[in-house]
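Report on the structure given below.
The values are calculated or read from the model by the stated rules, or taken from the named source; none is laboratory data. No experiment lies behind these values; they were computed from the predicted model shown. Here the Cβ positions follow ideal geometry from the backbone for every residue, glycine too, while neighbour counts run over all protein chains shown. Note: accessible area is taken over every heavy atom of the protein model, side chains too, but ligands, DNA and RNA are not part of it. Shrake-Rupley method; radii C 1.70, N 1.55, O 1.52, S 1.80 Å.
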Amino acid sequence: MATRWRINDARGTLAHAGFSRGGLPRRGKARRGVARRRARATRTATRDARLEFVALAMPFASVQACARALSVAVRCKTASLVPRRSRAAVTAPATTGARRGVMTEAVIADDVGEARVTAAAAGKRRVVVLGSGWGAISFVKSLDASGPYDVTLVSPRNYFLYTPLLPGAATGAVEDRSIVEPIRRPISSKGYRYFEANALSVDVAKRTVRCRGSDHTFQDEEDLAKSQAWKEFDLEYDYLVTAVGAVPNTFGVPGVQENCMFFKEINDAARFRREVNERFECATLPGVPKERIQQLLRFVVIGAGPTGVELAAELYDYVYQDVAKTFPRRLLEDVSIEIIDLQEKILSAYDRRIAEYATDFFQRANIKCLLGAAVKEVKDGAVVISDRDGSNVREVPFGLAVWCTGIKLNPFCEKLIESLPQQENKRSLLTDKNLRVKGSDGTIFALGDCATIERPRSLAKAEELYREAARCTPEGDCEIDLSKDGVKKALKYGFDEFPHLEEIYNRVDDVFTTFTGGSDRMSFPEFRVMLEDVDKGLRALPATAQVAKQEGQYLAQYFNTCAGDEDKIKQGDARFDYVHKGSLAYIGKDAAVADIPGFAIVKGFAAGLIWKSFETVSQVSPRNVLLVAADMIRTKIFGRDISRIN
């Protein structure tokens with residue numbers, strides 16, 4: 001029996017090497033190296049037969065001896081399958097390098113306090129990326145894998161989250177697993193490295209990042225530092241890309257941390273889904289008082305930006321499309337959905353027509369909009385609000401309140417700002433037009449919500465622009481005021497350095513007389529006043545996924561173009577220019593609003609189709625596209641999954 005198996009195995013080995021049962025080349029085609037492969041296959045079969053004979057001849061050998069024999073067999077078998085010229089690479093230490101430019105293994109000291117990652121492939125620049133959000137994933141995916149960079153990504157979250165569909169995941173319209181992509185997929189496909197860890201601090205002088213492995217025990221920060229000191233390590237870098245995002249901002253309102261839910265991560269969406277389901281199940285129990293049911297089913301969303309509006313809209317659909325079919329209908333009369341915001345319209349950052357349409361749509365859908373209201377305090381079971389001037393203080397009772405307004409600087413970035421004297425803006429990392437952090441000597445870059453691009457002030461060059469447009473005589477005498485065409489000419493001279501002047505250039509015909517007091521000529525002081533007014537209107541780029549994605553793609557392209565040249569990376573004159581590609585927001589009942597530049601403003605069901613299509617095809621991988629598409633079809637046909645499994 002053993003002999004027959006051994007012969008069959010030898011035949012199988014020969015077949016694997018490219019031979020048929022008769023020993024002739026397969027398909028009748030002569031191949032190079034036939035004799036060499038035949039000899040190698042024969043040696044392999046002979047070695048296997050000898051090992052098997054040893055095992056059969058020692059039926060009473062000890063378990064340890066058999067284990068050692070098996071280990072030898074495995075090593076021999078592995079060596080026989082590797083080409084002779086490649087065997088040295090198999091037995092060489094990992095620190096000698098890796099194929100296809102993959103970063104070598106880290107060199108970690110035995111002493112916990114001196115843990116340091118220093119190894120890098122020869123001729124490559126060490127790039128450390130912090131974060132796994134829009135900016136980081138766009139940078140990693142757009143960076144050329146064959147470029148001269150060894151990339152290490154560090155993030156406590158080992159997945160990318162498609163945030164625009166987070167409200168849908170909170171109500172079961174899409175599943176949470178459908179909108180997350182494991183970060184190791186794009187990392188491993190390019191041969192990069194990933195550490196699941198938190199970045200603690202940066203030593204700008206030594207170019208090192210202090211990190212600690214992610215905590216899964218929820219310990220206090222001080223206790224964690226003591227009990228898990230072995231998790232701490234330093235990463236050395238040539239270039240650091242900071243894309244750590246922002247954290248929720250409570251604006252100092254008392255009670256927010258204790259009595260509200262935040263809505264920023266996938267865990268927040270899962271908690272919201274669980275809480276809503278529990279409240280409806282509790283409300284159906286026999287003997288529950290009417291007042292208690294009303295308290296349970298009173299939902300308040302604080303913040304009428306895109307996130308708050310879409311969460312309220314998805315909750316409305318969940319209640320009236322799914323709960324209405326599966327729970328007693330008597331509960332619907334006790335459901336209350338309210339949204340609170342300081343502005344006079346919901347979606348106030350969108351076009352005025354969109355804001356007005358969405359506000360009217362919510363009011364017709366019986367979603368109560370408490371607008372122009374400032375939140376003073378959040379108590380247990382009630383939000384205290386007032387008018388903008390502080391008058392008319394009142395309480396809005398709730399069963400579940402969600403805080404969806406405002407973000408602030410990540411604590412990691414606060415530490416980084418303290419170590420950089422040139423950082424004057426304490427609300428975010430200030431960068432130049434090329435996304436280089438000011439004061440970092442061109443070695444640190446920042447993307448997304450944690451960064452603000454420094455915008456040049458045109459007022460400083462008002463006289464130079466004015467002189468360029470003024471007509472002068474050969475003797476050097478220039479006109480003391482400009483016509484409307486002259487003002488346009490002056491503004492046009494500044495487009496390259498001050499892109500925001502294009503906005504006032506397009507409105508000169510409408511605002512010219514406003515600054516000249518009705519005259520058809522503009523003096524230099526009036527020109528200065530106009531530029532000062534324009535500079536005051538300068539705003540930071542919005543904290544949206546669209547901005548972070550474009551910044552990540554731009555920075556990767558810049559690194560690809562520089563090809564590791566240190567001087568170009570640190571001093572290059574390229575500039576990031578944000579291109580707004582439109583705004584979308586879901587407002588419930590399969591309707592949405594869309595502002596598409598150069599096309600039109602779309603509202604209602606047609607915009608809903610655009611929204612669903614765009615959010616589906618914009619996923620970061622084909623896997624997620626298929627999952628989201630399947631979820632949306634499933635929800636439309638069968639409804640949302642209202643079961644609670646966690």
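For every residue, the table says whether it meets (1) crowded, with 16+ Cβ neighbours inside 10 Å; (2) at pLDDT below 95; (3) not in a strand (DSSP E or B); (4) not hydrophobic (A, V, I, L, M, F, W, C).
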{"site": "N198", "(1), (2), (3), (4)": "yes, yes, no, yes"}
{"site": "D215", "(1), (2), (3), (4)": "yes, yes, yes, yes"}
{"site": "A225", "(1), (2), (3), (4)": "no, yes, yes, no"}
{"site": "F233", "(1), (2), (3), (4)": "yes, yes, no, no"}
{"site": "F251", "(1), (2), (3), (4)": "no, yes, yes, no"}
{"site": "F272", "(1), (2), (3), (4)": "yes, no, yes, no"}
{"site": "V276", "(1), (2), (3), (4)": "yes, no, yes, no"}
{"site": "R279", "(1), (2), (3), (4)": "yes, no, yes, yes"}
- For L285, are the conditions met, namely being at pLDDT 95 or above and surrounded by fewer than 18 Cβ atoms within 10 Å (Cβ to Cβ)? yes
- Task: Scan region 341-366 for residues that are in contact (Cβ under 8 Å) with a residue 60 or more places away in the chain and outside any strand (DSSP E or B) and jot them down.
- Result: L347, A349, Y350, D351, R353, I354, Y357, A358, F361, F362, A365
- When residues of region 578-595 are limited to those that are small (G, A, S) and open to solvent by less than 10 Å² (accessible area, probe 1.4 Å), the one farthest from E338 (Cα to Cα): A594
- Could you please let me know if F559 is aromatic (F, W, Y) and assigned to a loop (DSSP other than H, G, I, E, B)? no
- Message: F559 - would you say it is without any contact (Cβ under 8 Å) to a residue 24 or more places away in the chain and not hydroxyl-bearing (S, T, Y)?
- Response: no
- Message: Condition first: touching a Gly at 6+ places or on another chain (Cβ under 7 Å), part of a strand (DSSP E or B) and either without any contact (Cβ under 8 Å) to a residue 60 or more places away in the chain or closer than 25 Å to T171 by Cβ (or both). Can you find one or more residues in region 575-583 that meet it?
- Response: no
- Task: Just give me the residues in region 401-435 being polar (S, T, N, Q) and either touching a Cys at 6+ places or on another chain (Cβ under 7 Å) or without any contact (Cβ under 8 Å) to a residue 40 or more places away in the chain (or both), in sequence order.
- Result: N410, Q422, Q423, N425, S428, T431
- Note on the structure: Filtering region 410-441 down to residues that are more than 20 Å from S155 (Cβ to Cβ), open to solvent by less than 10 Å² (accessible area, probe 1.4 Å) and in a loop (DSSP other than H, G, I, E, B) yields L420, Q423, N434, S440
- Residue, most open to solvent (accessible area, probe 1.4 Å), within region 514-568, restricted to residues that are modelled with pLDDT under 90, among the hydrophobic types (A, V, I, L, M, F, W, C) and closer than 30 Å to R427 by Cα: V529
- Task: Please state which one of L609, L584 is at pLDDT 90 or above and under 22 Å from the mean Cα position of the chain (by Cα).
- Result: L584
- Message: The conditions are (1) assigned to a strand (DSSP E or B); (2) open to solvent by less than 10 Å² (accessible area, probe 1.4 Å); (3) touching a Ser or Thr at 6+ places or on another chain (Cβ under 6 Å), and S132 fails exactly one of them. Which is it?
- Response: (1)
- Among the listed residues G598, G604, which satisfies the condition of being more than 25 Å from the chain's Cα centre (by Cα), on the phi > 0 side of the Ramachandran plot, buried (at least 16 other Cβ atoms within 10 Å of the Cβ) and free of Cβ contacts under 8 Å to residues at least 40 places away in the same chain? G604
- A careful count of residues in region 483-512 that are outside any helix (DSSP H, G or I) and among the hydroxyl-bearing types (S, T, Y) gives 1
- Residues of region 477-504 being among the hydroxyl-bearing types (S, T, Y) and modelled with pLDDT under 80, which ones? Y493
- Which of the residues spanning region 380-400 are free of Cβ contacts under 8 Å to residues at least 24 places away in the same chain, open to solvent by 20 Å² or more (accessible area, probe 1.4 Å) and of a type outside the set (V, I, T)? D387, D389, G390, S391, N392, R394, E395
- Residue in region 367-376 that is in a loop (DSSP other than H, G, I, E, B), aliphatic (A, V, I, L, M) and under 28 Å from A170 (Cβ atoms) present: yes
